[in-house]
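Before any comments, here is the structure.
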Protein chains: 2
Amino acid sequence: MNREALIEATKRQMPEKRFKHVMGVVETAVSLAERFGGDVDRAWLAALLHDYAKAWPIERMERVIREEGLPAELLEHDKELWHAHVGAWAVRQEHGIDDEAVLDAIRYHTSGREGMTQLDVIVCLADYMEPGRDFPGVNKIRKLAEHKLEEALVAGFDSTILHLVDKGRRIFPLTVLARNDLLRQIEHRRQESAHI
Amino acid sequence: MNREALIEATKRQMPEKRFKHVMGVVETAVSLAERFGGDVDRAWLAALLHDYAKAWPIERMERVIREEGLPAELLEHDKELWHAHVGAWAVRQEHGIDDEAVLDAIRYHTSGREGMTQLDVIVCLADYMEPGRDFPGVNKIRKLAEHKLEEALVAGFDSTILHLVDKGRRIFPLTVLARNDLLRQIEHRRQESAHI
């Protein structure tokens with residue numbers, strides 16, 4: 001795998017502003033992986049490719065979902081989720097990426113999912129808090145991420161949920177499942193450490 | 001069915017304060033059914049019985065779920081949801097209530113569900129806004145309920161979701177599915193009326 005070529009290919013998929021965001025996510029994901037003992041190479045790769053199909057026309061995403069054997073139920077879900085699954089398909093197709101851990105981190109970076117891996121959490125969290133992000137609550141997320149990976153992502157999901165409630169928009173059920181699962185893990189860890 | 005006997009039996013299941021809440025829900029559900037052309041008798045019955053098992057000891061609820069053929073997955077869900085399903089079982093068992101529409105309105109009054117019936121919505125909404133309720137946002141819900149049933153329940157669910165996020169607690173996935181579904185219905189109706 002040629003890193004420079006992958007960076008160039010990614011850059012070609014999107015406007016300059018989106019690419020700047022992607023490189024912010026790469027920087028943040030790598031630093032989170034280092035901080036929490038994660039897999040730095042996979043964090044780099046998944047972060048670089050997470051928005052690969054984000055700027056593709058919606059019709060192109062729909063065609064890929066219909067014709068390339070992606071789960072048909074995706075079409076019933078919110079369109080904002082499409083680019084993540086289509087992106088995972090595209091980087092396998094175009095660059096031979098076949099590491100399922102990396103592909104899953106790409107697939108679930110927008111919604112999260114129940115049973116998130118550490119890599120999933122890192123990419124999803126980096127997407128919330130990369131240096132270019134600016135929204136109510138982002139500094140709380142960054143602060144938490146100094147020490148607590150799961151707590152920081154819960155705060156990220158909270159910000160999304162509050163925003164969607166405020167706007168009267170639908171909430172991804174997967175995000176709620178992911179958040180509930182992280183809360184269970186946090187609670188479990190607290191109980192364990194109380195018993196030491 | 002003897003209404004007085006049912007009221008007395010319900011009263012015996014719970015402390016005075018809870019029973020007062022129940023009678024508030026009855027009053028509100030009946031008035032919502034009248035306002036929106038719903039089934040007043042069913043609204044009365046489902047509202048009266050919605051919290052039938054609410055004050056039962058948690059061990060009794062667990063025993064019913066395990067031994068009486070209720071969905072075992074309930075045990076993995078939050079305990080706050082148990083009383084609704086156990087209540088539906090109890091009123092069938094003890095009072096021969098076998099109207100599935102009424103039983104469903106009891107079962108889903110706490111969480112909501114995808115594809116809520118008008119009766120489900122009325123009981124769930126009445127539970128949010130009965131005269132004894134006092135929480136941030138309750139007046140907005142009451143105001144909306146003067147004209148818009150689904151919008152009012154979305155506001156109810158919003159208040160629950162905001163509260164749970166604020167407290168760092170888990171959100172019922174069914175509530176999010178119910179809210180998303182109501183938002184879809186509202187949107188659909190808006191588009192239809194725009195075409196008239």
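Please treat every number below as a calculation from the coordinates, not as lab data. Note that the structure is predicted; figures quoted are calculated from it, not measured. We place every Cβ from the backbone using ideal geometry, glycine too, and count neighbours over all the protein chains shown.
Taking a ≥ b ≥ c as the square roots of the eigenvalues of the alpha-carbon gyration tensor, region A:1-59 is classed prolate because a/c is 1.5 or more and a/b outweighs b/c.
Give the order of A:HIS163, B:HIS85 when sorted by the count of other beta carbons within 10 angstrom, beginning with the fewest. Show your work: numbers first, answer last.
Values: A:HIS163 14, B:HIS85 23.
Going from least to most buried by this count: A:HIS163, B:HIS85.
Residue exposure proxy: A:ILE171, A:ILE161, A:ILE122, ordered by other Cβ atoms within 10 angstrom of their Cβ from fewest to most, comes out as A:ILE161, A:ILE171, A:ILE122.
For the listed residue pairs B:LYS17/B:LYS140; B:LYS11/B:LYS167; A:LYS140/B:LYS54; A:LYS11/A:LYS79; A:LYS54/A:LYS143, the alpha carbons are over 30 angstrom apart in B:LYS11/B:LYS167; A:LYS140/B:LYS54.
Note on B:168-177: average number of Cβ atoms from other chains within 10 Å of each residue's Cβ is 6. Region A:162-180 and region B:173-192 have Cα centres separated by 13 Å.
Using only Cα atoms, what is the ratio of the radius of gyration of region A:20-149 to 2.2 N^0.38 Å?
Relative to the 2.2 N^0.38 Å estimate, region A:20-149 comes out at 1.04.
Mark the label point 7 Å from the Cα of A:VAL40 along Cα→Cβ and return the residues of region A:91-117 whose backbone N is within less than 20 Å of it. Hits in region A:91-117 for A:VAL40 at 20 Å: A:102. When only alpha carbons are used to place a centre, region A:22-58 and region B:51-94 end up 45 Å from one another. With the convex hull drawn around the C-alpha atoms of the protein assembly as shown, the volume per residue stands at 179 Å³. Residues B:VAL138, A:VAL91, B:VAL30, ranked from the fewest to the most other C-beta atoms within 10 Å, line up as B:VAL138, B:VAL30, A:VAL91. If Lys and Arg each add +1 and Asp and Glu each add -1, what is the summed charge of the other residues whose beta carbon sits under 14 Å from the beta carbon of A:VAL64? Residues near A:VAL64 contribute +2 overall.
Modelled this way, with points 7 Å down the Cα-to-C-beta line, the labels at A:HIS163 and B:ASP98 are 5.2 nm from one another. Here r is the Cβ-Cβ distance between B:ASN2 and A:ARG184 and R0 is 41 Å; the resulting FRET efficiency, rounded to 0.05, is 0.35. Projecting the Cα atoms of A:ALA145, A:GLY168, A:TYR108 onto the dipole axis of chain A, where Lys and Arg carry +1 and Asp and Glu carry -1 at the beta carbon, places A:GLY168 farthest toward the positive end. The Cβ shell under 12 Å around A:TYR128 holds other residues with a net charge of -1, Lys and Arg each +1, Asp and Glu each -1. Were the residues from B:GLN191 through B:LEU75 laid out at 0.36 nm apart, the gain over their Cα-Cα distance would be 37.7 nm.
Rounded to the nearest 0.05, the FRET efficiency derived from the C-beta distance between B:GLU59 and B:VAL138 at R0 = 30 Å is 0.35.
Phi angles across region A:44-60 convert, under the Karplus curve 6.51 cos²θ - 1.76 cosθ + 1.60 with θ = phi - 60°, into 3J(HN,Hα) values of 4, 5, 5, 5, 4, 9, 4, 10, 3, 9, 4, 9, 5, x, 4, 5, 5 Hz, Gly and Pro given as x. Calculation over all alpha carbon pairs of region A:43-86 in 5 angstrom steps from 0 returns a P(r) of 5, 23, 32, 21, 12, 7, 0 percent. From helices alone, chain A scores -21500 deg cm²/dmol at 222 nm; the rule is -39500 (n - 2.57) for each run of n ≥ 4 DSSP H residues, then divide by the residue total.
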